[in-house]
């Protein structure tokens with residue numbers, strides 16, 4: 001099972017594959033191994049001597065996911081951006097196509113507190129996997 005973490009700035013949680021660019025994310029999503037779970041940032045920060053924001057965003061990756069064939073769609077897309085408008089944009093792009101869930105900074109947007117995206121993402125994914133396992137066992141009886 002491939003877990004894809006799309007972010008140009010934050011490190012990926014343990015067990016997740018990191019894609020730092022739109023091109024890298026699309027290459028992985030279109031590859032031979034299906035991504036079961038994706039976590040998306042929104043803003044792209046590029047560094048040419050200082051932090052600044054690119055006009056491109058990872059919403060492009062959400063658009064690519066929205067166009068994927070049904071059998072290749074991830075089971076869920078987590079959104080870990082600290083940009084409230086960007087989180088809403090990603091949710092709107094994927095609405096009715098794949099479930100989304102906000103984690104970390106995208107839940108309360110409190111940028112004065114330490115980011116909890118890694119812990120939140122791991123906890124949300126463990127809960128999703130537990131629920132999937134419980135439903136699997138229910139079907140066996």
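Can you tell me which condition residue 93 does not meet? The list is (1) in contact with a helix residue (DSSP H, G or I) (Cβ under 7 Å, 6 or more places away or on another chain); (2) modelled with pLDDT of 80 or more; (3) under 19 Å from residue 11 (Cβ atoms); (4) part of a helix (DSSP H, G or I), and all the others hold.
(3)
Residue check: is residue 77 in a strand (DSSP E or B), modelled with pLDDT of 95 or more and in contact with a strand residue (DSSP E or B) (Cβ under 7 Å, 6 or more places away or on another chain)?
Considered against the rule, which asks whether it is in a strand (DSSP E or B), modelled with pLDDT of 95 or more and in contact with a strand residue (DSSP E or B) (Cβ under 7 Å, 6 or more places away or on another chain), residue 77 comes out as yes.
Can we say residue 40 is crowded, with 20+ Cβ neighbours inside 10 Å and modelled with pLDDT of 90 or more?
In short, yes.
Return the residues of region 1-35 that are farther than 14 Å from residue 61 by Cβ and under 11 Å from the mean Cα position of the chain (by Cα); say none if nothing qualifies.
Answer for region 1-35, where residues must be farther than 14 Å from residue 61 by Cβ and under 11 Å from the mean Cα position of the chain (by Cα): 3, 12, 16.
Please count how many residues of region 43-53 are in a strand (DSSP E or B) and modelled with pLDDT under 60.
The number of residues fulfilling the criteria is 4.
The values are calculated or read from the model by the stated rules, or taken from the named source; none is laboratory data. Keep in mind that this is a model prediction, so the values were computed, not measured. Backbone-built Cβ (ideal geometry, glycine too); neighbour counts: all protein chains shown.
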